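First, the structure itself, so that you have it in front of you.
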Amino acid sequence: MARIRLDLAYDGGDFTGWAKQPGLRTVQGELESALGTIFRTVGAAPTVTVAGRTDVGVHATGQVAHVDLDDTQIADLDRPRRGGPAPKGLNALVRRLNGIAGASGDVQVQRATFAPPGFDARFSAAWRRYEYRIADAAALRDPRRRGYEVWHPTGLDVDAMDAAARSLLGLHDFASFCRPREGATTIRTLQEFAWKRDVDGVLVATVRADAFCHSMVRALVGACVAAGDGRLAIDRAAQLRDAATRSSEFVVAPAKGLTLAEVGYPPDEELAARAEQTRARRDAATAFDPDGSTD
C-alpha cells in the first residue's frame, strides 16, 4: 500500500460538514464516491482519513487528508485514456478527483503527494489553525465575501476582543466553550488566539490549538464578540473558562465565518512517534479526540 497525502480546499456552504452521512452531501462522501468511480475496475473504493472534521457550513483552505492505494490502483493511474495524452500518476489522481468530486466547484484537491513513512493525516497532526472573519459596522463589506464573513450590525472594539482572546491561552479545560460529548475530554492547549483588522477593516481571528472539541472555535469567537461590544468584561472570558460549565453570557458565532486554514505536522522523522502518542491519548480513559470536530 502507498499512502497519499491530499491537500484540500472547499466551500462548506452546501455541505453537511466533512463526515460521510447517508443521504446527505458531505465532503468525505463526495471524495470517496469519486475514488470509487476512479478505481471501480481495480478493487474496493478507498476511504479517506482527514486531519480535522469540519462541521456544517465551515470552510477550508488548508485541509489535509490521506488515502491508501495498492499497487494495482497506483498502476491504474497510468493507464492510457481515450482522447489522447493525459496526466499520469498522482497528477492524474488530482485531475480525476477534481473532475468528479470538484465538478460543482466547491471542493478541490490542490495537490497529491506520496506521504513520508509514519504519516497519518489525523494522528500525526501537531496543531490545527482556524480563521474567523467578521465585518462589523466599521469594516468595508464586500458582498462577494458574504458567504465567508459574518456581518455584525455595530462596531466592535478589536482591542477588547484581542485582550479577551489572549486571556484564554494555554492548557485548560475548555468545557465552557465546547458542546459536551459523552466520555470525551475538553482539555485542550490553546496555542494562539488573536484578533486584528485587515486592510478593509474586517476583523480576523487566528485560532490555533493542538486540537479542538465540538463547537469550541465558534464559542471562543462568540465570547470575544461579547467583549467587543461591551456585553462581557475582558477578564470575564477567563472566569467563564475556569468555571468549566456552559454559559448564556455569550452566543456561539455562526459557522460561515469559520475556515480551517492550516494543519501543522512535525518533521518527517517524528511523524510516526507523534501518531503513536496521539493514538495513546485517544485510547486513554479520557477519550481524547485528536481531530475534534469543530463548527
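Given Cα pairs under 8 Å that are at least 6 residues apart, what percent is the relative contact order of the chain? It would help to have the intermediate numbers written out before the result.
Values: 678 pairs, mean separation 69.8, N = 295.
For the chain, the relative contact order is 24 percent.
I would also like to ask the following. Rounded to the nearest 20 Debye, what is the dipole magnitude of the chain about its Cα centre when Lys and Arg each give +1 and Asp and Glu each give -1 at the C-beta? Walk me through the numbers before you get to the answer.
Values: 38 positive and 39 negative charges, 138 e Å.
Approximately 660 debye in magnitude.
Tell me the carbon and sulfur percent of the accessible area for the stretch 227-284, rounded to whole percent, probe radius 1.4 Å. Write down the numbers at each step before the final one.
Values: 1530 of 3160 Å².
Carbon with sulfur: 48 percent of the solvent-accessible area.
If you don't mind, there's one more thing I want to ask. How compact and how long is the stretch 1-114, expressed as Rg and Dmax of its alpha-carbon atoms in Å?
Taking only Cα atoms of the stretch 1-114, I get Rg and Dmax of 13.6, 41 Å.
What is the distance in Å between the Cα centres of the stretch 1-73 and the stretch 171-199?
Taking the Cα centre of each part, the stretch 1-73 and the stretch 171-199 sit 26 Å apart.
If we count every other residue with Cβ under 11 angstrom of G105's Cβ, Lys/Arg +1 and Asp/Glu -1, where does the sum land? Intermediate values should be presented prior to the final figure.
On the way: positive: none; negative: D11, D14, D106.
My count for the surroundings of G105 gives -3.
While we're looking at this one, here's another question. For the full complex of protein chains and a 1.4 angstrom probe, list R3, R179 by accessible area with the highest value first.
Numbers: R3 75, R179 105 Å².
These residues rank, largest area first, as R179, R3.
Now a separate question. Go through the cysteines of the chain and tell me which have no other cysteine Cβ under 4.7 Å away.
C224
Could I ask something else about it? For the stretch 158-198, what is the charge dipole size about the Cα centre, in debye to the nearest 20, if Lys and Arg each add +1 at the Cβ and Asp and Glu each add -1 at the Cβ?
On the way: 6 positive and 6 negative charges, 17 e Å.
Magnitude of the dipole: close to 80 debye.
To the nearest 20 debye, what charge dipole does the stretch 186-231 have about its Cα centre, counting +1 at the Cβ of each Lys and Arg and -1 at the Cβ of each Asp and Glu? Could the numbers behind the result be given before it?
Working: 6 positive and 5 negative charges, 23 e Å.
That gives the stretch 186-231 a dipole magnitude of about 120 debye.
Then there's this: Ignoring ligands, DNA and RNA, how do S104, S248, S33, S215 rank by accessible area with a 1.4 Å probe, largest first?
Details: S104 90, S248 115, S33 70, S215 0 Å².
Largest to smallest exposure gives the sequence S248, S104, S33, S215.
What do you get for Rg/Rh over the chain if you use C-alpha atoms and the Kirkwood form of Rh?
Working: Rg = 20.4 Å, Rh = 20.2 Å.
Here the Rg-to-Rh quotient is 1.01.
Something else about it: Can you tell me which of T113, T189, T72 moves the most in a GNM of the chain? Springs connect C-alpha atoms under 10 Å apart.
Highest fluctuation among the options: T72.
Based only on Cα atoms, what mean projected area does the convex hull of the stretch 44-172 have, in nm²?
Approximately 12.5 nm², given one-decimal rounding.
What residues qualify as long-range amide H neighbours of A115, i.e. H under 5 Å apart, gap of 5 or more or another chain, H built at 1.01 Å from N?
Distant-sequence amide H within range of A115: R3, I4, R5.
Solvent-accessible area of V109, probe 1.4 Å, all protein chains present, reported in Å² to the nearest ten, please.
My reading of the accessible area for V109 is about 10 Å².
Can you compute the equivalent ellipsoid semi-axes for the stretch 133-264, i.e. the square root of 5 times each eigenvalue of the Cα gyration tensor, sorted largest first and rounded to whole Å? Numbers along the way, then the final one.
Values: eigenvalues 114, 52, 34 Å².
Each semi-axis is the square root of five times an eigenvalue, giving 24, 16, 13 Å.
Which value, in nm² and rounded to one decimal, describes the direction-averaged projected area of the C-alpha convex hull of the stretch 184-257?
Numbers: hull surface 22.1 nm².
Spelled out: convex hull of the Cα atoms, projected over all directions, averaged, 5.5 nm².
Spelling out what I want: for every residue of the stretch 113-120, take phi, set θ = phi - 60°, compute 6.51 cos²θ - 1.76 cosθ + 1.60 (Karplus), and round to whole Hz; glycine and proline get x.
Computed from phi, the couplings for the stretch 113-120 are 9, 5, 6, x, x, x, 6, 9 Hz.
Could you report the chain's accessible area per residue, 1.4 Å probe, as an integer in Å²? Don't skip to the end; give the middle numbers.
On the way: 13160 Å² over 295 residues.
For the chain, the per-residue accessible area is 45 Å².
Could you give the spread of the C-alpha atoms of the stretch 123-203 along their three principal axes, from largest to smallest, in whole angstroms?
43, 26, 24
The values are calculated or read from the model by the stated rules, or taken from the named source; none is laboratory data. Source: prediction; values computed, not measured. Don't worry about glycine lacking a Cβ; one is built from the backbone with ideal geometry, like all the others, and counts go over all protein chains shown. Keep in mind that these areas ignore ligands, DNA and RNA; they rest on the heavy atoms of the full protein, side chains included. Shrake-Rupley method; radii C 1.70, N 1.55, O 1.52, S 1.80 Å.
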